[in-house]
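Peer 1: Here's a structure for you.
The values are calculated or read from the model by the stated rules, or taken from the named source; none is laboratory data. Everything numeric here is computed off the predicted structure, so don't read it as measured data. A quick note on method: Cβ atoms are made from the backbone with ideal geometry, for glycine too, and the neighbour counts reach across all protein chains shown. For accessibility, only protein heavy atoms count, side chains too; no ligands or nucleic acids. Shrake-Rupley method; radii C 1.70, N 1.55, O 1.52, S 1.80 Å.
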Amino acid sequence: VASLASAHTPGDPARYYTVRYDSRRHAQVLLHPNGIGVVCLAPSHPVLLRGLAVARVDFAAGRKGGDSLLDKKATGKRKRDATAVHPAMVLCALHCTNGEVHEVFCGLKGSLIAVNQKLVAEGAGAVSANAGGGSVAAAASSTLPTTGPALVTARPTHAGHIAVVLTKGEQKGLVDRETYERTLRPKLDPTTGAYLAYPGVTVLADLMPAPRTALEGLPALIAGLPALGPRTTPLPAASFHVTVCDVFCQYPLALHDGAWAEMLRAPAFRSVAEAVDKAGFVPTLRFKEVSVRKGGGLALILEAVEEAASSATTAEQVAAEAGVDEAATATATAAATAAGAGGGCPMHGPKG
């Protein structure tokens, strides 16, 4: 994250603004003491993270009747005719040259002053960022656009910002840079491809010995394929499992190690863990499909053979035996909420 930010940001906006992040929506906001907020892409936004090229910026995305935010301009000292915005509001859609479309969320509550008209300007110009001399080739490679959709990735916190908002009230859900980077902790070492620790609470069903034996050769098989081998890092067979219920993970909750350990000491966790272990539930599964995910991830998708009613009955029995009522489960929820949790996290790391 730090390398992305330095690579895409000419200058440091923290000199003039308080920089905050909406990590869930991948928005970076620059807050000025006068109440003005500048909405930008965060380094974790798919367009910046994956180095995508933006062909077109659509400010009518998500609007009814073809209405565009380009036509919404606030005037007057009090901006009474401004469009009200909220953190989950879509400001625009970025149409990339590879055909992908990615939305940009506001991340702030307040009134829209204006969106960045430069992002839709035609006849994009460029200015050289080469500080001194150098070859023509070097100068050409370091030019920055002055208008057009390329600004979004070339100068995301400057001329490529998305919109300007007059903030109103408390801005909830925003975190500082340290918390933001901890939230986006990677699961793989970017240099070696090795799996990193990614603490979480998940209910698993281990594979039976026979299927595990049959699948032990799968990682080596994948690694030996000419097309997949150089591009994938197969999980070791010892970590194969079925996720029955994904609860939440430490880093998306922005919890440091001490706060995470304290939350896990809640009595509800021990009660549920003992009841689940006692139930010994092992699902019967069958092959459904192989899924290729964004970014190149490959997943073998299985589906349960049992009826949903059977699983529901098992869940009810576990809850009853554990004596877990609403008050008990609220302990964990309250701890997560106090730490800034926005709900359960569908992500989890490899489990051995």
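Peer 1: For segment 224-235, give me each residue that is without any contact (Cβ under 8 Å) to a residue 40 or more places away in the chain and in a loop (DSSP other than H, G, I, E, B).
Peer 2: Of everything in segment 224-235, those that are without any contact (Cβ under 8 Å) to a residue 40 or more places away in the chain and in a loop (DSSP other than H, G, I, E, B) turn out to be 224, 225, 226, 227, 234.
Peer 1: Checking the structure you have, find out if any residue of segment 23-40 is farther than 23 Å from residue 170 by Cα, open to solvent by less than 50 Å² (accessible area, probe 1.4 Å) and modelled with pLDDT under 95.
Peer 2: no
Peer 1: Same structure again: Please work out if residue 80 is at pLDDT 90 or above and either open to solvent by 60 Å² or more (accessible area, probe 1.4 Å) or more than 21 Å from the chain's Cα centre (by Cα) (or both).
Peer 2: So residue 80 fails the test.
Peer 1: Between 14, 61, 88, which is at pLDDT 90 or above and not in a strand (DSSP E or B)? Outline the logic, then answer.
Peer 2: Values: 14 fails: at pLDDT 90 or above; 61 fails: at pLDDT 90 or above.
So the residue among 14, 61, 88 that is at pLDDT 90 or above and not in a strand (DSSP E or B) is 88.
Peer 1: Moving on. Take segment 240-250 and flag every residue that is touching a strand residue (DSSP E or B) at 6+ places or on another chain (Cβ under 7 Å), without any contact (Cβ under 8 Å) to a residue 60 or more places away in the chain and open to solvent by less than 60 Å² (accessible area, probe 1.4 Å).
Peer 2: Hit for segment 240-250 is 250, nothing else.
Peer 1: Looking only at segment 83-100, which residues are open to solvent by 20 Å² or more (accessible area, probe 1.4 Å), in contact (Cβ under 8 Å) with a residue 12 or more places away in the chain and more than 16 Å from residue 67 (Cβ to Cβ)?
Peer 2: Those that are open to solvent by 20 Å² or more (accessible area, probe 1.4 Å), in contact (Cβ under 8 Å) with a residue 12 or more places away in the chain and more than 16 Å from residue 67 (Cβ to Cβ): 86, 87, 88, 95, 97, 98, 100.
Peer 1: Please work out which residue is modelled with the highest pLDDT, limiting yourself to segment 202-212 and to residues that are touching a His at 6+ places or on another chain (Cβ under 9 Å) and either open to solvent by 70 Å² or more (accessible area, probe 1.4 Å) or of a type in the set (A, V, I, L, M, F, W, C) (or both).
Peer 2: Applying the filter and picking the extreme gives 204.
Peer 1: Give me the residue from segment 251-283 that is touching an Asp or Glu at 6+ places or on another chain (Cβ under 8 Å) and surrounded by 15 or more Cβ atoms within 10 Å (Cβ to Cβ) and, out of that set, farthest from residue 180 (Cα to Cα).
Peer 2: Only one residue tops the list, namely 283.
Peer 1: Same structure, new question: Exactly one of these conditions fails for residue 269: (1) farther than 15 Å from residue 205 by Cβ; (2) at pLDDT below 80. Give me its number.
Peer 2: Going through (1) farther than 15 Å from residue 205 by Cβ; (2) at pLDDT below 80 one by one, residue 269 breaks only (2).
Peer 1: In this structure, does residue 9 turn out to be touching a Lys or Arg at 6+ places or on another chain (Cβ under 6 Å) and either over 15 Å from residue 165 (Cβ atoms) or modelled with pLDDT of 85 or more (or both)?
Peer 2: Details: touching a Lys or Arg at 6+ places or on another chain (Cβ under 6 Å): no; either over 15 Å from residue 165 (Cβ atoms) or modelled with pLDDT of 85 or more (or both): yes.
Spelling it out, it is not the case that residue 9 is touching a Lys or Arg at 6+ places or on another chain (Cβ under 6 Å) and either over 15 Å from residue 165 (Cβ atoms) or modelled with pLDDT of 85 or more (or both).
Peer 1: Follow-up. Check whether at least one residue in segment 289-305 is assigned to a loop (DSSP other than H, G, I, E, B), modelled with pLDDT under 75, surrounded by 14 or more Cβ atoms within 10 Å (Cβ to Cβ) and within 20 Å of the chain's Cα centre (by Cα), and report yes or no.
Peer 2: Checking segment 289-305: not a single residue is assigned to a loop (DSSP other than H, G, I, E, B), modelled with pLDDT under 75, surrounded by 14 or more Cβ atoms within 10 Å (Cβ to Cβ) and within 20 Å of the chain's Cα centre (by Cα).
Peer 1: Among the residues of segment 314-326, is any exposed (fewer than 10 other Cβ atoms within 10 Å of the Cβ) and either aliphatic (A, V, I, L, M) or modelled with pLDDT of 75 or more (or both)? Please lay out each step first, then the result.
Peer 2: Taking segment 314-326 first, the residues exposed (fewer than 10 other Cβ atoms within 10 Å of the Cβ) are 326.
Applying the additional criterion that residues be either aliphatic (A, V, I, L, M) or modelled with pLDDT of 75 or more (or both) yields none.
No, that holds for no residue.
Peer 1: Just for strands (runs of 3 or more DSSP E) wholly inside segment 106-199: which have at least 3 residues that are modelled with pLDDT of 90 or more and open to solvent by 60 Å² or more (accessible area, probe 1.4 Å)?
Peer 2: none
Peer 1: Check segment 48-55 and report whether any residue there is modelled with pLDDT of 85 or more and open to solvent by 40 Å² or more (accessible area, probe 1.4 Å).
Peer 2: yes
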